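*Asks:* Shown below is the structure under consideration.
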Amino acid sequence: MIHKPEDLPERAACSSPNEESGSAHLRVKKQGAILKGIGISLWGFLMRSKFIIIAFLFLLAPSPVHAVPITVTDDLGHSVRFTTPPQRIISLAPSLTEMLFSLGLDDRIVGVTDYCNYPPAAMTKPKVGGMNPNLEKVLSLHPDLIVAVAGIYQNQSLARFEQFHIPSFTVDPSSIEKIFETILVLGKIAGADETAAEKVKQLRGRLESVRQKTLSVPRPRLLYVVDKDPLISVGKGSYIDDLIREAGSVNITGELAKAYPIVSMEYVIHQDPEVIILAMDADQIVSDQEKQYWSRWSSLSAVRNGKIYKVSRDLLNRPGPRIIDGIEELARLLHPAVGPPQADEPVR
Ligand code: B12
């Protein structure tokens, strides 16, 4: 209970048991005055503290508005203006879902794709489909922002969302740096700039640490298999090309202009990869059929030396905050000195 200052001296005087009656009055008055002074300054202090606490809580509370309206340009060249941070966000790609969660925006994510399985909380969010999202489902969730990755289907979908005046922001991650920039810009849009800056700082630190470890290792020629039939790999404009380099390897399709080129077996044989990386689900087992498929190409160094590995595609195939886990995993696999390979064993 907080007393009013005028109560304090009397209560204090009455509670003093050893006072002599004569001079006691004066002393009590004096003490009263002192205590009154203390009471006033205590009251003032409490009031000031209350004000400081309220001001502090106000600073901590998520700001409902940006300091000034912000305009950001997405990778399709569209400018999007935000006067307030969005409160109902739909993510149309697992990579973007992982970014939003990493920024602590859990409560503001109202819809995700069927493939969004990380973090576990993503699986509890309403699902809106895959790369070709369900328009009705999206509209029913009343989003005030849709974030998407560039692609034929999604671009068509976004044109439809535009008719309903739902703002969208599309990204086309072509490098590791672009992924970091996307985290920063999402942070800016959401009013979570500081969290985003801290996150990117940590990721850059881990990337630099892998970079240092793989700086002077021998760099094996590597084929990265996104899909097998047709064989799709990663070219110059893909962030995975960056990621292979950072993990201490040479991407044999890195000179191809398309980000995700279809590659002929003739080309692969000519380049003779020393390592083949299959991007698969983490719990997926490499089937005998898969092994047989690759053993047909016995002229390849990777096949002859049994250097066909699987890596988790949830890490490497998602241009989000977990790519650094992916780079670390790949670096360990290629260069055991970096650290022992973890879950992934050679296919054969
Ligand atoms: C290239 C490719 C990728 C690339 C590029 C993705 C990107 N931009 O983010 C990489 C390797 C990174 C990738 C990742 C994934 N992919 Co993919 N990918 C393909 C592939 C092999 C070719 C697509 C293509 O180039 N088409 C030709 C161009 C001209 O068309 P496009 O529309 O412009 O293509 C773009 C979109 O397809 C988009 N994209 C690719 N995959 C995905 C996945 C989702 C969920 C979304 C929204 C968009 C998207 O990226 C392409 C290039 O920019 C197809 C399979 C196939 N053979 O078609 C699978 C495919 C599209 N991917 C698929 C899946 C499931 C994924 C992942 C969810 C896998 C995972 N475990 O994480 C991730 C999600 C990526 C993310 N951003 O979060 C499924 C989609 C199923 C569906 N019905 O929605 C497909 C059909 C494979 C399959 N058969 O299962 N993928």
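Every read-out reported here was derived from the displayed coordinates using simple, explicitly stated rules and does not represent laboratory data. Being a predicted model, the structure only gives us computed values, none of them experimental. Heads up, the Cβs are rebuilt from the backbone with ideal geometry, glycines too, and the neighbour counts pull from every protein chain shown.
*Asks:* Compute the distance in nm between two label points, each set 7 Å from the Cα along the Cα-to-Cβ direction, one at Tyr153 and one at Asp272.
*Replies:* 4.0 nm
*Asks:* Same structure, new question: Of Ser312, Ser295, how do they rank once you tally other Cβ atoms within 10 Å and put the fewest first?
*Replies:* Lowest count first: Ser295, Ser312.
*Asks:* In nanometres, what is the gap between the two model label sites at Asp229 and Ile285, each 7 Å from Cα along Cα-to-Cβ?
*Replies:* Result: 2.0 nm between the two label points.
*Asks:* In which sequence would Met99, Met131, Met280, Met123 go, from the one with the fewest C-beta neighbours within 10 Å to the one with the most?
*Replies:* Listing Met99, Met131, Met280, Met123 from fewest to most nearby Cβ atoms yields Met123, Met131, Met280, Met99.
*Asks:* Restricting to the range 218-338, what percent of DSSP beta bridges are antiparallel, rounded to 5? Don't skip to the end; give the middle numbers.
*Replies:* Details: 2 of 13 bridges.
Here the antiparallel bridges make up roughly 15 percent for the range 218-338.
*Asks:* Could you work out how much longer the chain between Ser301 and Ala197 gets when fully extended? Use 0.36 nm per residue separation minus the Cα distance between them, nm to one decimal.
*Replies:* Taking 0.36 nm per residue and subtracting the Cα distance, the gain is 33.2 nm.
*Asks:* Mean separation of Cα pairs under 8 Å and 6+ residues apart, divided by the residue count of the range 250-334: what relative contact order is that in percent?
*Replies:* Computed over the range 250-334, the figure is 30 percent.
*Asks:* Going down the list Lys228/Lys310; Lys178/Lys201; Lys188/Lys213; Lys125/Lys201; Lys201/Lys310, which pairs span over 23 Å between their C-alpha atoms?
*Replies:* Lys188/Lys213; Lys125/Lys201; Lys201/Lys310, as the Cα separations exceed 23 Å there.
*Asks:* Neighbour counts of other C-beta atoms within 10 Å: give me Asp74, Asp242, Asp281 arranged from fewest to most.
*Replies:* Asp281, Asp74, Asp242
*Asks:* In percent, what relative contact order does the range 144-229 have, based on Cα pairs under 8 Å that are 6 or more apart in sequence?
*Replies:* Numbers: 45 pairs, mean separation 16.3, N = 86.
Normalised by residue count, the contact order of the range 144-229 is 19 percent.
*Asks:* In nm, to one decimal, how far is the modelled label at Arg160 from the one at Arg81, with both set 7 Å along Cα→Cβ?
*Replies:* If labels sit at Arg160 and Arg81, their model points lie 2.8 nm apart.
*Asks:* Ok, one more. Taking N as the number of residues in the range 70-202, what is its alpha-carbon radius of gyration divided by 2.2 N^0.38 Å?
*Replies:* Here the Cα radius of gyration is 0.95 times the empirical estimate.
*Asks:* Taking only the Cα atoms of the range 218-338, how large is their convex hull per residue, in Å³?
*Replies:* Residue-normalised Cα hull volume stands at 100 Å³.
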